[in-house]
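Colleague: Okay, handing you the structure first.
Derivation of every value follows stated rules applied to the coordinates shown; laboratory data play no part. Here the structure is a predicted model, which means the values were calculated and not measured. Positions of Cβ are backbone-derived with ideal geometry, glycine not excepted, and every protein chain shown enters the neighbour counts.
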Amino acid sequence: MRILCGTILAAAAACMVLTLTASCFGNPIFDGWYADPQMRRYGDTWWVFPTRSGAFAKQLGFDAFSSKDMKTWTKHPGVLTTNDVAWAKGAMWAPDAHEVDGKYYIFFSANNAYPVGGKREDGEPQKEAKLQGYGGIGVAVAEKPEGPYRDLIGKPLIDRFWNRAQPIDQYVFEYKGEWFIVYGGWGRCNLVKLARDFKSLVPFEDGSMWRDMTPKGYVEGPVMFERDGKWYFMYSGGSWTGDDYCVNYCVGKSPFGLFEFKGKVLGVQRPIATGAGHHSVARVPGTDEWYICYHRRPIPNKGRDHRVVCIDKMEFDPDGGIKPVVMTSSGNQ
C-alpha cells in the first residue's frame, strides 16, 4: 500500500517517555478550536488537516498545519474554502489528504447533506446545494500541500444515501493497486471503489456500487490500516457532542472483512478531557511505533464546538490488539 495512515517523523520517537500529565507533542498541538484531524507526511514535513470546529454555517473551509519536528506548527489558513467549491455552502469537515504521483488531494465532506424529505434514510439527493440540502463527499487537487486547491470534478463524488449512510467522513486508502473509500454517518458505514483518477466511483466485481461495513457501535469517522497482515477498522462511537464520544476498533484479514469487534481504545479520561474521537493514525517509518492524532474536549469544556487536536502514542499487545490510549497534556488546555 503506497499511502494508508501516514508515517511519523523518527525524531518523535526520541521524545521522553509519555506520562498522563506531560506530552512531548505539547497537547493540544496547536491553538484554536479544531476537530477531525488527518495527519500526513509529505517529504520531510508533517501536515495535519483538521476541521474548523464551529457552527456549520461558518465552517467554510480548511486550515492546514505543518511541522518539521512534530512540536512547532505553522498555520496555513484557507487551503480549501467554499470559494473553491461552487456546490459547497458550509459544513465543510473531515478532510482526508493524500499525495499521489506528485499531486496533492483533499477529500472532504460538505453541506451536511440530507435526502429529499429531510429524513435520515435512503433516498434521492436534494437538488439545491445548501446546508441540509444537496451535498456529500468531494475531492480537490493542488500542486502543493498548502494549495491552492481546486475542485477536481465540480460536484460530489458521493451524493447518494445508500444503506441509510449520510455521505460524510470519508477515509481513502489503497489496497492491491486499487483505491477505496470507507465512509458514512448516521450510524451506517459503506465501502465504495474509487476510479484511479479519483474522478468517479466504479462498481465492484459483482456490479454493486457499495458494501455495508457497519460494525458494532459505529457512529462515524472510519479509519482503516494494515499492520503485520491484519487489517484494523477504527471508528468513532457515542455522541459527537457528548462526553461519551470515543474510538472503537475491529480486526479482520482484509479491508473487506469479516471484522471482529475488539472494543474501545480511547474515551473520556478525567481530569484531562472527554469526547475523544474522529482520529487518524501514523507510524514511525521503518519501525512499529504508532501514534494517534485525534480531537478531544478539554476539561472544563466551554461549548459544543470547543475541541482541540492532540497526538498520543498508540501501542499494540503481543496478540496485535490495540492497547488503551493514554491521553497526555502539556497543561495548556
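Colleague: For residues in region 36-93 being in contact with a Lys or Arg (Cβ under 7 Å, 6 or more places away or on another chain) and of a type in the set (S, T, N, Q), which is surrounded by the most Cβ atoms within 10 Å (Cβ to Cβ)?
Modeller: Looking at the filtered set, the residue picked out is Gln59.
Colleague: When region 143-170 is examined, which residues are found to be surrounded by 20 or more Cβ atoms within 10 Å (Cβ to Cβ) and small (Gly, Ala, Ser)?
Modeller: Result: Gly147, Ala165.
Colleague: Can you tell which of Trp93, Trp87 is on the phi < 0 side of the Ramachandran plot, in contact (Cβ under 8 Å) with a residue 12 or more places away in the chain and in contact with a helix residue (DSSP H, G or I) (Cβ under 9 Å, 6 or more places away or on another chain)?
Modeller: Trp93
Colleague: Across region 197-209, what is the number of residues that are of a type in the set (S, T, N, Q) and either within 17 Å of the chain's Cα centre (by Cα) or not in a loop (DSSP other than H, G, I, E, B) (or both)?
Modeller: Residues in region 197-209 being of a type in the set (S, T, N, Q) and either within 17 Å of the chain's Cα centre (by Cα) or not in a loop (DSSP other than H, G, I, E, B) (or both): 0 in total.
Colleague: Restricting region 101-126 to residues that are in a loop (DSSP other than H, G, I, E, B) and among the aliphatic types (A, V, I, L, M), which is nearest to the chain's Cα centre (by Cα)?
Modeller: Filtering first and then ranking leaves Ala113.
Colleague: With (1) buried (at least 23 other Cβ atoms within 10 Å of the Cβ); (2) more than 19 Å from the chain's Cα centre (by Cα); (3) not basic (Lys, Arg) as the list, and His278 as the residue in question, which single condition is left unmet?
Modeller: Against the list (1) buried (at least 23 other Cβ atoms within 10 Å of the Cβ); (2) more than 19 Å from the chain's Cα centre (by Cα); (3) not basic (Lys, Arg), His278 comes up short only on (2).
Colleague: Related question: Of everything in region 61-100, what is within 19 Å of Val284 (Cα to Cα), among the charged types (D, E, K, R) and not in a loop (DSSP other than H, G, I, E, B)? Give them in sequence order.
Modeller: Glu99
Colleague: Looking only at residues that are touching a residue at least 40 places away in the same chain (Cβ under 8 Å), in a loop (DSSP other than H, G, I, E, B) and out of contact with any strand residue (DSSP E or B) (no Cβ under 7 Å at 6 or more places or on another chain) in region 210-255, which one is surrounded by the most Cβ atoms within 10 Å (Cβ to Cβ)?
Modeller: Thr214
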